[in-house]
Amino acid sequence: MDKNEKLDYFRAYYQTKKIINTNSIHSKMFIEQAYKGNNKWWRVLITTLLTAGVFIGNFVAYFFMTKEQLEEVYKSMKEIPSNWSLIINLSPFILLLGMLFLLVKTLHNRDILSITTSRNKIDFKRFFFSLGLIVLLSILGFAVSYFMDSKGIIWNFNPMKFGLLFLISILFFPFQIAYEEYLFRGYLMQQIGILVKNRWFPLIFTSVMFGLFHSANPEVAKMGFGVMAFYIGTGFFLGIITLMDESMELALGFHLGNNLIAALLITSDFSALQTDAVFRYSGVENPVDMLNEMLVSIAIVYPILLFIFAKKYNWTNWSTKLSGKVENQSINNI
């Protein structure tokens, strides 16, 4: 091998190594996992319509129904025994989650791991840490609020009813929160990201859609559209921790912990979840005060959680991970 041939060999070796190293980096990015599958537009359209149809239907129905019709719907929901109502509301998510997984697997030729994490396997320690953290903070926050002013909050604990509620919650809520997370932070975040080639737009879009698709909740009718700031803000928080961690375990854990607390700790006549919780709010609370309490959680609790997660998991390059470019550099194209 002469001198020129050696130079050509080393140039080719260096270029190949550079591409492999670059792809090694991109293979660890969450949005880029979508490139592992078949992303023809009609496949994405079918999956989105079939799996997001329940949100789209609720969203459209909410805006076409009169205030009187909405109140009648909420009234009829309250007439159903609470545990049965919870089962009826949560059962469809089992089918929807299964449909999403099936379409990702068969229509997009991807494994479920690729819409869950950019790592080689699911990190259950992250999931349980996030779940435990939000449960702990929620209970502490409620305790402080209760001892400062317990007016209107009554002890509602019934061992038999609560035991049944706990069983239903443990069995059904994982499907509900998994469906919402896999749809918004998983499938849609990735598909929109590879379409627009950046990370900031799918973060904003999925967060806003996540909030708007909760507009039919009774809390919105009670407190007005100002409460959408809470839902959209929660969507942003879940999207941020997903992009920063390049994975969904933290979002899944937070969402499950939040919904379990909402069902098991305290209930009220105007909440989306009517349950046999430990406490019940029986007073007539000012909607403005209720909204302010929800916004406080965004302004205080969410930044605290972000700080804890960032320190524990050594998050860096915030700007790149939240607003950087999305590139297809599959190692299979070398």
Which value in nm describes the separation of the simple spin-label points at W200 and S76, placed 7 Å from the Cα toward the beta carbon?
4.6 nm
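Please give the FRET efficiency for M65 paired with I122, using the beta carbon to beta carbon distance and R0 = 35 Å, rounded to the nearest 0.05.
It comes out at approximately 0.30.
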Starting from the 7 Å offset along Cα-to-Cβ, what nm value, one decimal, do you get for the label separation of Y146 and S91?
3.3 nm
Carbon and sulfur atoms account, in whole percent of the 1.4 Å probe accessible area of region 45-109, for 71 percent
Let me know the shape class of region 149-208, please: from the alpha-carbon gyration tensor, a ≥ b ≥ c as square roots of the eigenvalues, rounded when a/c is under 1.5, otherwise prolate if a/b is greater than b/c, or oblate.
oblate
Tell me, what is the 1.4 Å probe accessible area of E180, in Å² to the nearest 10?
10 Å²
Per residue value of the accessible surface for region 179-222 (all protein chains in place, 1.4 Å probe), Å²
29 Å²
Test of understanding: what is the full-extension gain from N38 to F225, defined as 0.36 nm times their sequence separation minus their Cα-Cα distance?
63.5 nm
Please calculate the 1.4 Å probe accessible area of W200, with all protein chains present, and give it to the nearest 10 Å².
120 Å²
If amide H atoms are built 1.01 Å from N in the plane of the peptide, which residues on other chains or at least 5 residues away come under 5 Å of the amide H of I153?
S282
Simple spin-label model, 7 Å along Cα-to-Cβ: L45 to Y313 in nm?
3.5 nm
Sorting G224, Q191, F210 by the position of each Cα along the dipole of region 97-243 (Lys, Arg +1; Asp, Glu -1; all at Cβ), the one nearest the positive end of that ordering is Q191
Counting only protein heavy atoms, what percent of the accessible surface of region 144-198 is carbon or sulfur at a 1.4 Å probe?
73 percent
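The values are calculated or read from the model by the stated rules, or taken from the named source; none is laboratory data. Every value quoted in this text rests on a predicted model; they were computed, and no experiment measured them. Quick reminder, even Gly has a Cβ in these numbers, built from the backbone with ideal geometry, and neighbours come from all protein chains shown. Just so you know, the surface numbers come from the protein's heavy atoms only, side chains and all, with ligands and any DNA or RNA stripped out. Shrake-Rupley method; radii C 1.70, N 1.55, O 1.52, S 1.80 Å.
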